[in-house]
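The numbers here are math on the coordinates, done by the rules we state, and not lab data. None of these values were measured; they are calculated from a predicted model. Counting neighbours? That spans all protein chains shown, and the Cβs are built from the backbone with ideal geometry, glycine included.
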Amino acid sequence: MDSLPPTVRRYWPLALTAVGFALYGWAMVVATGSGHDGVIGPHFNALGADWAIFMAAGRAIFSHDVSHIYDQLWIAQAVNSEYANWLSAPEPHPLFPYPPVYLLVVVPFALLPIGWSLLASQILQFAALAGALMTFVRGRFLAIAALMAPAASNNVLAGSNALLVAALIVGGLAALDTSPLLAGALLGLVIFKPQFVPLLLVALIAGRHWRALAAMGVTSALFVLASVIAFGPNLWLKWADVYIHPQAVDGVNGTEWGHIWDDSVSTCVSLLGAPREVAIAVQMAAALFAAVSVWQVFAARHPARTAILLCAGLLASPHISNYDLIGVAIAAAALTAQLPANTRPLLLVLPLMAYAAPLFDPPRVVALGLITPLLILGVMVALWRNPADQRASQAGTRAPSET
């Protein structure tokens, strides 16, 4: 109990509510994995439905079909034929959206049966995120909160890589002052999730972390070079062509299909009835706001700069899914840890709802999900304006659970 933040000890009913949300998320994992998909919560098809796509792309290396992985029709047929016994139903519009560097990550797992590869990949991701979070003061609370979070269980449900991305970002930013070359190397690996790279560049430039910036550039370049040597340069052109010349199978483009079911600013604005042009404009405004915010907090070395960047990345990204909300789950836990014990309980509802957001997303399914961008923004602003952080910054000391 002594290791718990004062707000958690004082307002334990709210903490138990968060635990309840977390357990519900993991109950969905158990239900889906035991063949009872949709008994509680939405239908997920099977554990690791996204992972099946990654494994189909990875195994294409061994069958010499790697040149086809960005062909929407080919990947759909590969996934639904090779993993027919794993999936409860054919995946409607699967697409492999990642740049070729991600193949370097998934190919080793493709040597295993899908169940074992999914288990191994998730265990490694959870371990990586726990290790990154344990580098902070009060890191134990942050690690437990993050690994229990509904976003974390959603990462298992989909078989995605959001925990790995969060581990690289958190670990990289945590090492900036002590091991800048290691920090840059970790951040450079995030290139397989390119939508998060621009804000990392903004952060390093604003904070004048030149050695880390150089290490990030070298690492990214080596990562790309390794993929070119392994798979050839044409695969990069095919990946770019997916977005330059969108494909369609049965009249549906896989990228657009994914956006329909995501939690991004543009999707929420579209669901409110705004024209496509307006939704794109609002998304661009959110990205600009995120970039300016990251610049300011890293230039000022704000104690909560990492947590703020995690939130900003979600606002700026044109596509985020439930598992990507692990970023705001970590930020919400950090905010809870930093608030003083005399905080009004109503203020704790914000981090609680942000933590539970994957349970009422995507907004196309549950209307309450439309407030997800507002929750992310709210946590971000609360961290920025937290008096405890401001006092620590003015005193030149580190705030308790800096992230």
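Counting only residues 5 or more places away or on other chains, whose amide H sits under 5 Å from the amide H of VAL249 once H atoms are built in the peptide plane?
Residues meeting the criterion, in which the H sits 1.01 Å from N, are GLY254.
Could you tell me the ratio Rg/Rh of the range 1-67? Both radii from Cα atoms, Rh via Kirkwood.
A ratio of 1.29.
Just want the ordering: MET148, MET134, from fewest to most Cβ atoms lying within 10 Å of their own Cβ.
MET134, MET148
If you take the charge dipole of the chain about its Cα centre, with +1 on Lys and Arg Cβ and -1 on Asp and Glu Cβ, which of ILE371, VAL190, ALA215 is farthest toward its positive end?
The listed residue farthest towards the positive side: ALA215.
Would you mind computing Rg(Cα) / (2.2 N^0.38 Å) for the range 6-395, counting N as its residues?
Expressed relative to 2.2 N^0.38 Å, the Cα Rg reads 0.96.
Once you charge only the Cβ atoms, +1 for Lys and Arg and -1 for Asp and Glu, what is the size of the charge dipole of the chain about its Cα centre, to the nearest 20 debye?
1480 debye
What order do you get for 150-160, 104-114, 251-261 when each peptide is scored by the mean count of other beta carbon atoms within 10 Å, highest first?
Order by mean packing, descending: 150-160, 104-114, 251-261.
Quickly estimate the mean residue ellipticity at 222 nm for the chain, helices only: each DSSP H run with n ≥ 4 gives -39500 (n - 2.57), and the total goes over all residues, rounded to 500.
Helices in the chain give a 222 nm mean residue ellipticity of -19500 deg cm²/dmol.
Does anyone have the angle between helix 276-299 and the longest principal axis of the chain? Alpha-carbon axes, 0 to 90°, nearest 10?
Taking Cα atoms only, the helix is inclined about 50 degrees.
Show me, for the range 43-48, the HN-Hα J-couplings you get by feeding each phi into the Karplus relation (A = 6.51, B = -1.76, C = 1.60, θ = phi - 60°), rounded to Hz, glycine and proline as x.
Those phi angles translate into 7, 10, 6, 6, 4, x Hz.
Cα centroids of the range 150-192 and the range 220-242: how far apart, whole angstrom?
The range 150-192 and the range 220-242 have Cα centres separated by 21 Å.
So which residue, out of LEU377, LEU23, LEU309, gets the largest mean-square fluctuation from a GNM of the chain using Cα contacts under 10 Å as springs?
Evaluated over the chain, the most mobile residue of the options is LEU23.
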